[in-house]
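Following: one structure in structure tokens, then a few remarks.
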Amino acid sequence: MQATARFSPGPWAEAPSCPREEQGRPGGRQRGLLEADLVILQFPLWWFSMPAILKGWIDRVFTRDFAYGSLPRYGNGPLAGKKALVTTFTGGAESHFGERGVNGGIEDLLHHVLHGTLYFTGFAVLPPFVTHSAVHVNDDQYAAIAERYRKRLIGIESDEPIPYRAEAGGDYDEARQLKPGREASGRSGLQLHRKS
């Protein structure tokens with residue numbers, strides 16, 4: 001089975017149908033983000049990150065004085081009050097992306113997107129929707145994945161965001177270091193930035 005992916009970024013994205021004077025200018029795409037209650041970034045995991053075209057879109061749209069700038073950040077940024085969901089597809093098996101998996105934990109691999117881009121700018125970041133071994137699914141598995149995704153989107157209002165620590169929440173000192181004793185037992189690395 002061969003699958004074809006389609007990228008549908010919404011009406012504010014650059015497209016050949018955009019007037020030439022609007023191409024390359026973030027205004028309409030930024031308006032789209034401001035008007036949205038939920039933003040979904042959907043992409044195949046590409047060399048353990050997002051594809052370059054999506055990174056370029058973020059670089060052009062999440063600009064200084066729009067998505068970041070002075071404090072507050074991390075949970076209190078300009079896009080606070082909105083939810084974000086990352087939907088991604090991996091070529092490797094689920095076991096490859098576990099805590100002890102050869103590729104590392106999926107949330108650690110996505111930390112730069114989930115925490116460093118979305119949470120940094122204020123989004124309440126929902127746990128990612130991940131499909132593993134996406135290149136090997138048959139028609140029945142594809143139907144099951146589509147149904148699982150449909151149910152996730154229907155229930156998205158009740159999804160609890162990842163409990164990241166707010167920069168202004170009292171857990172960090174003046175040097176932006178996590179204060180001693182704030183970490184949960186056994187937590188280390190990127191997981192330190194989660195409340196629980």
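Of (1) assigned to a loop (DSSP other than H, G, I, E, B); (2) surrounded by 10 or more Cβ atoms within 10 Å (Cβ to Cβ); (3) out of contact with any strand residue (DSSP E or B) (no Cβ under 9 Å at 6 or more places or on another chain); (4) of a type outside the set (Gly, Ala, Ser), Arg187 satisfies all except one. Which?
(3)
When region 49-99 is examined, which residues are found to be touching a residue at least 60 places away in the same chain (Cβ under 8 Å) and open to solvent by less than 80 Å² (accessible area, probe 1.4 Å)?
Answer for region 49-99, where residues must be touching a residue at least 60 places away in the same chain (Cβ under 8 Å) and open to solvent by less than 80 Å² (accessible area, probe 1.4 Å): Ser49, Met50, Pro72, Arg73, Tyr74, Gly75, Asn76, Lys83, Leu85, Thr87.
Residues that are modelled with pLDDT of 85 or more and closer than 15 Å to Val130 by Cα: find the helices (runs of 4 or more DSSP H) completely inside region 2-116 holding 3 or more of those.
106-109
Could you pull out the residue among Tyr142, Tyr149 that is more than 11 Å from the chain's Cα centre (by Cα), over 23 Å from Glu160 (Cβ atoms) and surrounded by 14 or more Cβ atoms within 10 Å (Cβ to Cβ)?
Answer to the check: Tyr142.
If you take the residues of region 100-138 that are surrounded by 21 or more Cβ atoms within 10 Å (Cβ to Cβ) and among the aromatic types (Phe, Trp, Tyr), which of them is farthest from Gly155 (Cα to Cα)?
Once the filter is applied, the top-ranked residue is Phe120.
If a residue has to be without any contact (Cβ under 8 Å) to a residue 24 or more places away in the chain, open to solvent by less than 40 Å² (accessible area, probe 1.4 Å) and of a type in the set (Gly, Ala, Ser) to count, how many in region 152-183 make the cut?
Adding up the residues that qualify gives 2.
Given the structure, is Ile106 among the hydrophobic types (A, V, I, L, M, F, W, C) and either free of Cβ contacts under 8 Å to residues at least 24 places away in the same chain or in contact with a Lys or Arg (Cβ under 8 Å, 6 or more places away or on another chain) (or both)?
Spelling it out, it is not the case that Ile106 is among the hydrophobic types (A, V, I, L, M, F, W, C) and either free of Cβ contacts under 8 Å to residues at least 24 places away in the same chain or in contact with a Lys or Arg (Cβ under 8 Å, 6 or more places away or on another chain) (or both).
Output yes when any residue across region 47-61 is closer than 30 Å to Ala93 by Cβ and of a type in the set (Lys, Arg), and no when none is.
Checked region 47-61: at least one residue is closer than 30 Å to Ala93 by Cβ and of a type in the set (Lys, Arg).
Only one of (1) modelled with pLDDT under 95; (2) touching a Phe, Trp or Tyr at 6+ places or on another chain (Cβ under 9 Å); (3) not aliphatic (A, V, I, L, M) fails for His136. Which number is that?
So His136 meets the others, but not (2).
Return only the number of the condition from (1) over 12 Å from the mean Cα position of the chain (by Cα); (2) under 23 Å from Ile40 (Cβ atoms) that Phe129 does not satisfy.
Answer for Phe129: the failing condition is (1).
The values are calculated or read from the model by the stated rules, or taken from the named source; none is laboratory data. Remember, predicted model here, so these are calculated numbers, not experimental data. Counting neighbours? That spans all protein chains shown, and the Cβs are built from the backbone with ideal geometry, glycine included. These area figures cover heavy atoms from the full protein model, side chains too; ligands, DNA and RNA do not enter into them. Shrake-Rupley method; radii C 1.70, N 1.55, O 1.52, S 1.80 Å.
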